[in-house]
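Beneath this line is the structure, given in structure tokens, with notes to follow.
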Amino acid sequence: MRSKLVAGNWKMHGGLAANAALLSALLTEIDTLPCEVVVCPPFPYLAQAQQVLAGSALKLGAQNVSQHPAGAYTGEVSVSMLREFGCRYVLLGHSERRAIYGESDATVAAKFEAVLAEGLVPVLCVGETLADRQAGETEMVVGRQLDAVLARLGVAALGCGIVAYEPVWAIGTGQTATPEQAQLVHAFIRQRVAASDDEVAAKLRILYGGSVKADNAAALFGQPDIDGGLIGGAALVAEDFLAICRATGVSSS
Ligand code: 13P
């Protein structure tokens, strides 16, 4: 059985004082939570988070990374730098990276390879826009995003990572996918991977992201192919994020 995971993507939010308060609130309950929990602060705060989280079960992730190991790439951060600051997970291909910064499927696949090469865990974000969905192209888009990694690295490599399905129309809009809508796409993702390798597909953790809140989390996490969540806005409020983490325990029997 796959274990559940909830990751908080802080996006470009936070500050030293706010982070300290949020992290210490999470730490008071971390040992009682029924899932693995990850926080992904902005780069400048990784050192602060590493220090605060040292020795705890709360894990650290980054929101992005360069596909290059080192060199003349002004403004970029390498995987080995993230590792030095205690990161275990790296979000890749978030829809904001794809839409605002023009990251292509090929770039995301190259980043996936770079993250694996350093022994960290890539979290591959996939998802369709509203226009894609209305055109009936959800599976085509999500399939293409997955295939970019499968074609470059193979199914075993994909299985070393995590997939996060985040429909773009549900991100930050308050308009979450229904549990049934999300389950359909999660099942599609798992089938797509199973076409290459059943065993990898059965073990692959697939998170849902997009307006997950304390009051809709349990229904989402109760779906058979939803293995946890990638949380934006609600990850900035300790009580909300903790409630979402607890919701992984409601459904998993
Ligand atoms: P919201 O939870 O704010 O919709 O954001 C989801 C997201 O983009 C997480 O990566």
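So here's what we get for this one:
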| item | result |
| --- | --- |
| Nearest-10 value in Å² for the accessible area of THR129, using the 1.4 Å probe | 60 |
| Sequence-distant residues sharing a close amide H with GLY8 (under 5 Å, placed H) | VAL38, VAL39, CYS40, ILE231 |
| Environment charge of ASP227, counting only residues whose C-beta is closer than 9 Å and scoring Lys/Arg +1, Asp/Glu -1 | +2 |
| Burial order of peptide ranges 63-71, 211-219 (average beta-carbon count within 10 Å, highest first) | 211-219, 63-71 |
| Karplus 3J(HN,Hα) series, Hz, for region 78-93 with 6.51 cos²θ - 1.76 cosθ + 1.60 (x for Gly, Pro) | 8, 5, 5, 5, 4, 5, 4, 9, x, 6, 10, 10, 9, 6, 9, x |
| Separation in nanometres of the label points that stand 7 Å from Cα toward Cβ, at THR32 and ALA106 | 5.2 |
| Net charge, GLY154 excluded, C-beta distance under 12 Å - Lys, Arg +1, Asp, Glu -1 | -2 |
| Where the chain is the region considered: accessible area per residue in Å², 1.4 Å probe | 43 |
| Segment THR173-ALA57, length gained on full extension (0.36 nm per residue, minus Cα span) | 38.7 nm |
| Pairs of Lys in the chain closer than 20 Å at Cα, counting only those 8 or more apart or on different chains | 6 |
| Karplus 3J(HN,Hα) series, Hz, for region 212-223 with 6.51 cos²θ - 1.76 cosθ + 1.60 (x for Gly, Pro) | 6, 10, 4, 8, 10, 5, 4, 5, 5, 5, x, 6 |
| Label point distance in nm, ALA135-HIS68, each placed 7 Å from Cα along Cα→Cβ | 3.3 |
| Carbon plus sulfur fraction of accessible area for the chain, probe 1.4 Å, in percent | 55 |
| Interchain or long-range residues, amide H under 5 Å from LEU91's placed H | ALA62, GLN63, ASN64, VAL123 |
| Accessible heavy-atom area order of MET12, MET140, highest first, probe of 1.4 Å | MET12, MET140 |
| Estimated inter-spin distance, GLN48 and LYS203, nm [label 7 Å along Cα→Cβ] | 3.8 |
| ³J(HN,Hα) computed for each position of region 173-178 - Karplus, 6.51 cos²θ - 1.76 cosθ + 1.60, integer Hz, glycine/proline x | 9, x, 9, 6, 5, 5 |
| Amide H contacts of ALA164 (H built 1.01 Å from N, under 5 Å, at least 5 apart or other chain) | LEU124, CYS125, VAL126, LEU207 |
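The values are calculated or read from the model by the stated rules, or taken from the named source; none is laboratory data. Note that the structure is a prediction, hence the values are computed from the model and not measured. Every residue, glycine as well, gets a Cβ built from its backbone with ideal geometry; the counts of neighbours run over all protein chains shown. Only protein heavy atoms, including side chains, enter the accessible area calculation; ligands, DNA and RNA are left aside. Shrake-Rupley method; radii C 1.70, N 1.55, O 1.52, S 1.80 Å.
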